[in-house]
2 protein chains.
Amino acid sequence: MKVTLNRAVFIQELATVQRAISSKTTIPILTGVKIDLKEKGLTMTGSNADISIETFLESDNEKAEMQIESTGAIVLQARFFSEIVRKLPETTFTMEVLENNQVAITSGKANFIVNGLDAENYPHLPIVERRNQLQLSVQMLKQLVTETVFAVSAHESRPILTGVHFVLENQKLLAVATDSHRLSQRIIPIEGETSDFNIVIPGKSLTELSRSLVDDEEEVEISIMENQVLFKTRNMLFYSRLLEGNYPDTNRLIPNSFNTEIEFSVPAFLAAIERASLLSHEGRNNIVRLSISEEQVMLYGNSPEIGKVEEALNYEKVAGEPIEISFNPDYMKAALHAFGDMSITIKFIAPIRPFTLEPTEGQGEFIQLITPVRTN
Amino acid sequence: MKVTLNRAVFIQELATVQRAISSKTTIPILTGVKIDLKEKGLTMTGSNADISIETFLESDNEKAEMQIESTGAIVLQARFFSEIVRKLPETTFTMEVLENNQVAITSGKANFIVNGLDAENYPHLPIVERRNQLQLSVQMLKQLVTETVFAVSAHESRPILTGVHFVLENQKLLAVATDSHRLSQRIIPIEGETSDFNIVIPGKSLTELSRSLVDDEEEVEISIMENQVLFKTRNMLFYSRLLEGNYPDTNRLIPNSFNTEIEFSVPAFLAAIERASLLSHEGRNNIVRLSISEEQVMLYGNSPEIGKVEEALNYEKVAGEPIEISFNPDYMKAALHAFGDMSITIKFIAPIRPFTLEPTEGQGEFIQLITPVRTN
């Protein structure tokens, strides 16, 4: 294998593959990136126990300035290889596999000789039998992830809750995540013929997937296998393992009748929550208290050591019975961040019952749930 | 005390004082910032075992929008106070000392009540008898610090080497730092009448000082006391303790006859050193090798596990005998960063003798020394 390439283009591809490469793995070859050069182009592969990423750089991609002298394959220690390529002096560089899996990397007057591993020993990625079960735009897929993944559980005590539950049925795709204290759910309509599915994808995989998808205009093909899911774009294959087990029935958790409703502008409410949480973070319980009465809407936070804060909140609309409710401001902050700059409606039943948050416009498609904290 | 202030201006002053405030101190009141409001303006003080900073915000500073209702003083826990002020909703805010050292902080509809401490219990800063022993521009003082402080020792085994040695005599100010492996020295001429001094200032103090000085056009008055030094600008007093003990005689370390000289452009040489050090960092010794012969100038780095690198270097001029010399590339990188974008001349005696680095233009004013590594 001998090839000359544009350095910046190569670095970008390598950075994508590196998302799947951990230096902590116990399988030495998985600290490497597999580089496979054919006449059609350059395939790179990175993998760990959870995800595998394969990128393809076409040889006729003009920006890549690819000049192939001979094809072949090698595995190179990913972290070093990446640092070396980043620090090379010229805009292009040359890789050449020498004897004994050694690789010469040259650019300008700089010559590196690094030790590689035989590409034959690199594990094979899973084979996908059924392709293209569902197609989504990158923009829609990233939105689904952003709106749900923050609510997965960080604890391994119930592994199934560390994933996002995706259910496709009746031409609707539902994504839901919960750590049992809060929940976030988005439903989107799906057009065309689809086969239903019901899977749980690890939250960490989805976060890496989201970071690897850069072009919002592109389409992603999603294919589901026995215990893997494949996300395929024009030049990338992204595999993730699935979580095994039954996801709890979250449908019955979402209430549908309420006694109090209030409408907030997200940025204004978020700023007030952040102020209140400054002090609640120091307290033993980390709670803030929201009080809705006929006269005013107040938010309270306190820490016995530092002090206390109270703020009369600006709101857009309020209806129903007065209520006093306490909750963890960190859950509220995460929920509000997922909405972004819009108006939301928060609906309450009682101080000890979960409350819901929805965009004021377009209710039902995106809903969040927060469990309050009982204070007496 | 009751005062209304522009939030952004206040935050900037507080950030300066906070450089001297550690949350790890064993003296609780020192986790606080002392706020002292008089008719003339607002003085804030922060202090730790090494440095103390006092800033002054004039009441007639228009940007401060200061409205004083009553004067007074209080100590507030610095970290929380700063976070609270940063998160307040309006452009101005009001502080009012209530009973029992409680302080109301209000802005818009947000009301904080925080617990303060009696300002009477805050330690007094040292009194400076002799003022204005030396005057330097902020720009010159920051340059002196940048060019020397990186070379102080990070180890407490020889505490005196953790400071920068400043000597004023014969109308010249010399600043020198060494960790016994490398040395960096700058000499600047001083005009006007001065009293000589010979002090060692902790490197950490100088780094904080440098960060606290923002306006390059300003002048700094330097006053030296028994075991303190005071840097005074128009609105800031910066005190640092001095290190006790005798600084080693570094003059005799700097050689003055050489056998090989080479001239490099700093950015090009630095890039090559960074490439070579990628591999040397993985080796047991972390050394790179520079080889100057009549035909070419080569740089080598290697790591038994990863591989090796060699590079023919671009240089501007070379003279004298061939030499092969090995050194720690981290010392070289730090030295080159201190020069910035210029041409430097490196002068060698022998492979086991320290070599010097100087700007090609203006030699003698700024000189660095690196001890090579013996490889056999």
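Could you tell me whether B:Leu117 is touching a residue at least 24 places away in the same chain (Cβ under 8 Å), out of contact with any Asp or Glu (no Cβ under 6 Å at 6 or more places or on another chain), within 14 Å of another protein chain (Cβ to nearest Cβ) and within 20 Å of B:Leu37 (Cα to Cα)? Judged against the criteria, B:Leu117 is a match.
Only strands (runs of 3 or more DSSP E) whose full extent lies in the stretch B:247-346 are considered here, and the ones with at least 1 residues that are within 14 Å of chain A (Cβ to nearest Cβ) are B:260-265, B:288-292, B:297-303, B:307-312. Among the residues examined, A:Leu117 does not qualify as out of contact with any Phe, Trp or Tyr (no Cβ under 8 Å at 6 or more places or on another chain) and closer than 20 Å to A:Thr16 by Cα. Of all residues in the stretch B:347-360, those satisfying the criterion of being in contact with a strand residue (DSSP E or B) (Cβ under 6 Å, 6 or more places away or on another chain) and either among the polar types (S, T, N, Q) or part of a loop (DSSP other than H, G, I, E, B) (or both) are B:Pro351, B:Pro354, B:Thr356, B:Thr360. Filtered by the rule that a residue be surrounded by fewer than 20 Cβ atoms within 10 Å (Cβ to Cβ), outside any strand (DSSP E or B) and acidic (Asp, Glu), the stretch B:144-177 gives a lone residue, B:Glu156.
Residue-by-condition table, conditions (1) at pLDDT 95 or above; (2) in a helix (DSSP H, G or I):
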{"position": "A:Ile53", "(1), (2)": "yes, no"}
{"position": "A:Phe56", "(1), (2)": "yes, no"}
{"position": "A:Lys63", "(1), (2)": "yes, yes"}
{"position": "A:Val75", "(1), (2)": "yes, no"}
{"position": "A:Arg79", "(1), (2)": "no, yes"}
{"position": "A:Arg86", "(1), (2)": "yes, yes"}
{"position": "A:Glu90", "(1), (2)": "yes, no"}
{"position": "A:Ile105", "(1), (2)": "yes, no"}
{"position": "A:Gly116", "(1), (2)": "yes, no"}
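Return a yes/no flag: does the stretch A:9-29 have any residue that is surrounded by 14 or more Cβ atoms within 10 Å (Cβ to Cβ) and part of a strand (DSSP E or B). No, the stretch A:9-29 contains no residue that is surrounded by 14 or more Cβ atoms within 10 Å (Cβ to Cβ) and part of a strand (DSSP E or B).
The single residue among A:Ala104, A:Ala49, A:Ala110, A:Ala64 that is touching a strand residue (DSSP E or B) at 6+ places or on another chain (Cβ under 6 Å), outside the structural domain of A:Ser210 (by TED's automatic domain parsing) and touching a residue at least 40 places away in the same chain (Cβ under 8 Å) turns out to be A:Ala64.
Looking only at the stretch B:287-302, count how many residues are surrounded by fewer than 20 Cβ atoms within 10 Å (Cβ to Cβ) and either more than 24 Å from A:Thr106 (Cβ to Cβ) or small (Gly, Ala, Ser) (or both). Matching residues across the stretch B:287-302 total 3. Going through (1) within 14 Å of chain B (Cβ to nearest Cβ); (2) closer than 26 Å to A:Leu206 by Cα one by one, A:Thr55 falls short only on (1). Exactly one residue among B:Lys317, B:Lys308 is surrounded by fewer than 22 Cβ atoms within 10 Å (Cβ to Cβ) and without any contact (Cβ under 8 Å) to a residue 40 or more places away in the chain, and that residue is B:Lys308. Of B:Ala64, B:Ala104, B:Ala78, all but one fail to be over 30 Å from the mean Cα position of the chain (by Cα) and either among the small types (Gly, Ala, Ser) or away from every other protein chain (no Cβ under 14 Å) (or both); the exception is B:Ala104. Could you tell me whether the stretch B:133-142 includes any residue that is in contact (Cβ under 8 Å) with a residue 24 or more places away in the chain, away from chain A (no Cβ under 14 Å), in a loop (DSSP other than H, G, I, E, B) and farther than 18 Å from B:Gln12 by Cα? Within the stretch B:133-142 (the criterion being in contact (Cβ under 8 Å) with a residue 24 or more places away in the chain, away from chain A (no Cβ under 14 Å), in a loop (DSSP other than H, G, I, E, B) and farther than 18 Å from B:Gln12 by Cα), the answer is yes, since at least one residue qualifies. Restricting the stretch A:232-246 to residues that are polar (S, T, N, Q) and in a loop (DSSP other than H, G, I, E, B), the residue that is nearest to A:Ser184 (Cα to Cα) is A:Asn246.
Inspection of the stretch B:120-135 finds no residue satisfying the criterion of being surrounded by 12 or more Cβ atoms within 10 Å (Cβ to Cβ), hydrophobic (A, V, I, L, M, F, W, C) and over 27 Å from the mean Cα position of the chain (by Cα). Tallying residues that are crowded, with 23+ Cβ neighbours inside 10 Å and either touching a residue at least 60 places away in the same chain (Cβ under 8 Å) or in contact with a Cys (Cβ under 8 Å, 6 or more places away or on another chain) (or both) within the stretch B:191-205 yields 1. If you go through the stretch A:241-283 and keep only what is among the polar types (S, T, N, Q), surrounded by 15 or more Cβ atoms within 10 Å (Cβ to Cβ) and within 30 Å of A:Asn198 (Cα to Cα), you end up with just A:Thr250.
Every condition in (1) of a type in the set (Gly, Ala, Ser); (2) in the same structural domain as A:Thr207 (by TED's automatic domain parsing); (3) over 30 Å from A:Leu125 (Cβ atoms) holds for A:Ser240 except the one numbered (3). For the stretch A:204-227, the count of residues that are at pLDDT 95 or above, in contact with a Pro (Cβ under 9 Å, 6 or more places away or on another chain) and among the charged types (D, E, K, R) is zero.
The values are calculated or read from the model by the stated rules, or taken from the named source; none is laboratory data. These numbers were taken from a predicted model, which means no experiment stands behind them. Positions of Cβ are generated from backbone atoms using ideal geometry, with glycine treated the same way; all protein chains shown enter the neighbour counts.
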